[in-house]
């Protein structure tokens, strides 16, 4: 049996050179471990960044009279064929090229592989900017929306920051 296993693994690039003291089963185990490590390192692909999909469930409210709050769900797509974790996300929001708020998400979100997922976002808005932009938004049913930020993504305790940017028109349904 040991001779058969040695013949099967004879073409392995990981031939131990520890002398004749090692039993044939230990040689087979070392060769198998070497092959598993080779396959494991070859399968480690560089993860791709997440892709912005759209904005959903946009709601405007107030924290107090002077501070308007926007909450929404930003939807992203994970193009990787493995699950990841989102550890932290930071983003700046601009409407019609005017900065209106900053959001920080500092919690763990599990991201499914090759699927769309949502990140809940809450922004405290600058009231002066909101008032100056609200006249344009009332006259038009869409605004120029720019979102720039970073997302800290990883797997098995290893995380990397990935930048993301979205710029486009966002329809507003203020009078539903």
Report task. For residue 63 paired with residue 77, estimate the spin-label separation in nm (one decimal), with each label point 7 Å from Cα along the Cα-to-Cβ line. Result -> 3.4
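At 0.36 nm per residue, minus the direct Cα-Cα distance, what do residue 110 and residue 53 gain on full extension? Give it in nm, one decimal, please.
Between residue 110 and residue 53, full extension yields an extra 18.8 nm.
Taken together, the values in this text are just the output of simple stated rules run on the coordinates, not laboratory data. Keep in mind that this is a model prediction, so the values were computed, not measured. Don't worry about glycine lacking a Cβ; one is built from the backbone with ideal geometry, like all the others, and counts go over all protein chains shown.
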